[in-house]
Each structure stands twice: as structure tokens, then as C-alpha cells.
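The next block holds one structure in the form of C-alpha cells; read it before the comments.
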């Protein structure tokens, strides 16, 4: 399962090797300056927008990869109707990053020197 790792320079979206294959994306880091909000939600699936392209998806089961809508893109690492994080971004490749919180991670926090 994807992990969100707080680094001094940004928030790393660390994907497993299988997620990198099926999501057609390698692990990546989002600079703190691009993060607008990090929301913790109880059912991440209802926050998915658009059409999956590229990636892997089975309705209600898995959405792994990029979804496209209205000229924007989101990255999704979503598993079923489980809790997770919706990270809204300003600038960069994606408008949002959605990640299921299967390991009961605490909400990611920016370092004190880079408040969100």
C-alpha cells in the first residue's frame, strides 16, 4: 500500500513495486509549497473523479494510477471504501493525490519551517 512520508523538502508518495507497475507511475515527492490542504476522509472512494488513464481500476475495489477530468489530473492509490487522505495541490502535474490509509498513519504534517 502507498505510504505518505513527510520529508523536509516535501511529502513523498512511496509506492510498492506492484503499485508502480499497475499504476504506471514511480514513487514521487510533492514539494510542501504545492500542497494546499490535506484532508482525512472516511470513504476515499467517493472522492475519485474522472476517467482512469493510465492505471488499473475495478469499481469499488481498486483505483491505482491517474484519473483525468476537466483538463485536470489526480493520482489515486485507492483501495475499496476505506479511509484515507485527499491532498489538494496548487500547480504541478496533479490537482489532487488520493491515498488509502490502510496502515493507520497519522495525518502528514509539514515541518515547522514549511507550514501548509
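The values are calculated or read from the model by the stated rules, or taken from the named source; none is laboratory data. Just so it is clear, the model here is predicted, and its values are computed rather than measured. Here Cβ is always computed from backbone atoms with ideal geometry, including for glycine, and neighbour counts include all displayed protein chains.
Worth pointing out:
- Among the residues making up segment 44-69, those that are in a loop (DSSP other than H, G, I, E, B), in contact (Cβ under 8 Å) with a residue 12 or more places away in the chain and more than 16 Å from residue 1 (Cα to Cα) are 48, 49, 50, 60.
- Extreme residue, farthest from residue 15 (Cα to Cα), among residues of segment 95-111 that are in a loop (DSSP other than H, G, I, E, B) and in contact with a helix residue (DSSP H, G or I) (Cβ under 9 Å, 6 or more places away or on another chain): 111
- Scanning segment 9-19 for residues that are more than 13 Å from the chain's Cα centre (by Cα) and more than 18 Å from residue 92 (Cβ to Cβ) yields 16, 17, 18.
- Residue count for segment 18-33, restricted to those that are within 17 Å of residue 52 (Cβ to Cβ) and part of a loop (DSSP other than H, G, I, E, B): 2
- Within the span defined as segment 10-17, one or more residues are surrounded by 15 or more Cβ atoms within 10 Å (Cβ to Cβ), at pLDDT 95 or above and not in a strand (DSSP E or B).
- Here residue 92 meets the list (1) surrounded by 15 or more Cβ atoms within 10 Å (Cβ to Cβ); (2) at pLDDT below 95; (3) under 25 Å from residue 111 (Cα atoms); (4) in contact with a helix residue (DSSP H, G or I) (Cβ under 7 Å, 6 or more places away or on another chain) almost entirely, failing just condition (1).
- Some residue of segment 33-41 being more than 11 Å from the chain's Cα centre (by Cα), exposed (fewer than 15 other Cβ atoms within 10 Å of the Cβ) and at positive phi: no
- Residue list for segment 73-93, restricted to those being free of Cβ contacts under 8 Å to residues at least 40 places away in the same chain, assigned to a loop (DSSP other than H, G, I, E, B) and in contact with a strand residue (DSSP E or B) (Cβ under 9 Å, 6 or more places away or on another chain): 80, 82, 93
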